[in-house]
Amino acid sequence: MRRDVNADAGFTYLTVLFVVALMGLGLALAGEVWHTVALREKEAELLHVGDQYRKAIERYYLSGPQQYPRALGDLLKDARKPGTERYLRRLYPDPVTGSDEWGIVKAPDGGIMGVHSRSEGKPFKTAGFRPTQAGFGGAKTYMDWAFTYTPPAQAAPAVLKPAAPKPAASS
């Protein structure tokens, strides 16, 4: 009984082709998972770095005549004081874009009250933010995540009401 060698070769070829296709599919899925993990790490770093900028702007605002910094470089060395006071050790790059350029949120006095990423990517995280990041929940892009410092509203001075006239003492 003689077997057809060409039939066996065709079957082996199809099996190898099928195995290669499965390996390619597995590698594509692994690459997608790796890419998602890398973006989530960059997103977590953006939340951390952005919060560092927000805290530095807050300390700058509260440590002097209550004005916002005019440039991000002012957070490295406060020129308003005779000594060296630093609110950041260095200017951090945007983790999502990799650029040193941040989007700037201007304050009413012309200074910088916050920063935001220039990335137009869609965030993975949509809930579970810290109280200072509560507005990030419905963000469509990373540009919507603005790390700002807004001073608490000044309490309005209490208005003293005039005392009611005392009734005249009757004799």
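Numerical summary
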item: Residue check for Arg118: at pLDDT 90 or above, surrounded by fewer than 10 Cβ atoms within 10 Å (Cβ to Cβ), not small (Gly, Ala, Ser) and not in a helix (DSSP H, G or I); result: no
item: Residue match in the stretch 84-97 (condition: acidic (Asp, Glu), surrounded by 12 or more Cβ atoms within 10 Å (Cβ to Cβ), modelled with pLDDT of 90 or more and assigned to a loop (DSSP other than H, G, I, E, B)); result: yes
item: Matching residues in the stretch 65-79 - criterion: being open to solvent by 30 Å² or more (accessible area, probe 1.4 Å) and without any contact (Cβ under 8 Å) to a residue 40 or more places away in the chain; result: Pro65, Gly73, Asp74, Leu76, Lys77, Ala79
item: Given (1) aromatic (Phe, Trp, Tyr); (2) in contact with a strand residue (DSSP E or B) (Cβ under 8 Å, 6 or more places away or on another chain); (3) in a helix (DSSP H, G or I), number of the condition Trp34 does not satisfy; result: (2)
item: Residues of the stretch 45-61 satisfying the condition of being in contact (Cβ under 8 Å) with a residue 40 or more places away in the chain and not charged (D, E, K, R); result: Leu46, Leu47, Val49, Gly50, Gln52, Tyr53, Ile57, Tyr61
item: Tally of residues being closer than 19 Å to Pro151 by Cβ and assigned to a loop (DSSP other than H, G, I, E, B) across the stretch 98-115; result: 5
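The values are calculated or read from the model by the stated rules, or taken from the named source; none is laboratory data. What you see is a predicted model; the values in this text were computed from it and never measured. Backbone-built Cβ (ideal geometry, glycine too); neighbour counts: all protein chains shown. Ligands, DNA and RNA are stripped out before the accessible areas are found, and what is left, the full protein with its side chains, is counted by its heavy atoms. Shrake-Rupley method; radii C 1.70, N 1.55, O 1.52, S 1.80 Å.
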